[in-house]
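No lab work stands behind these numbers, since they all come straight from the coordinates. Computed from a prediction, not measured in an experiment: that's the story for all the values here. Backbone-built Cβ (ideal geometry, glycine too); neighbour counts: all protein chains shown.
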């Protein structure tokens, strides 16, 4: 990790290793394709052998209340931000615009504010980001990840359609 200064501004720069991120994804049961840039690492993750969709569900739906109480991670559905992490998630769609049930894109930001903290007010380090990534990927396949608010991220599991609108 480096601290970059530009005048009065400071930025934390994470030095993430794409090979280690790939290894973590494979350990969690995903196939991975990585695009590495100076500002972010973007990983397309798929679980083609998985019979059920990834456990990304609508946290506001009362039918998903059991999952909501167990999950460790929440996603802001409007922005794709995985709360209290330096990561964002997005659905990948088929040619008809429907989200693919076993595939997601995860972006890990390399440039962070010096005030950024992980849960428990921990200072961010590469090792902690790797640990959070592994926990997140395991949550997608085993425990569940809640999507809070509907927007650009669409749920893949549970009751994915809300109650129908009444006229």
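Structure data summary
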read-out	value
Residue 70 versus residue 113: modelled label distance in nm, points set 7 Å from Cα along the beta carbon direction	3.4 nm
Prolate/oblate/rounded call for the range 7-72, Cα gyration tensor, a/c under 1.5 rounded	oblate
Relative contact order computed over the chain (Cα-Cα under 8 Å; 6+ residues apart), in percent	33 percent
Estimated 222 nm signal from helices in the chain, with DSSP H stretches of n ≥ 4 weighted -39500 (n - 2.57), rounded to 500	-5000 deg cm²/dmol
Peptide ranges 110-121, 1-12, 70-81 listed from the most packed, as the mean C-beta count within 10 angstrom indicates	70-81, 110-121, 1-12
Segments 26-34, 98-106, 54-62 sorted - mean Cβ within 10 Å per residue, highest first	54-62, 98-106, 26-34
Distance (nanometres) between label positions extended 7 Å along Cα→Cβ at residue 138 and residue 79	2.7 nm
Extension gain from residue 96 to residue 13, taking 0.36 nm per residue of separation minus the Cα-Cα distance	26.1 nm
20 °C / 1.002 mPa s Stokes-Einstein diffusion coefficient of the range 26-152, Kirkwood radius on C-alpha pairs, µm²/s	141 µm²/s
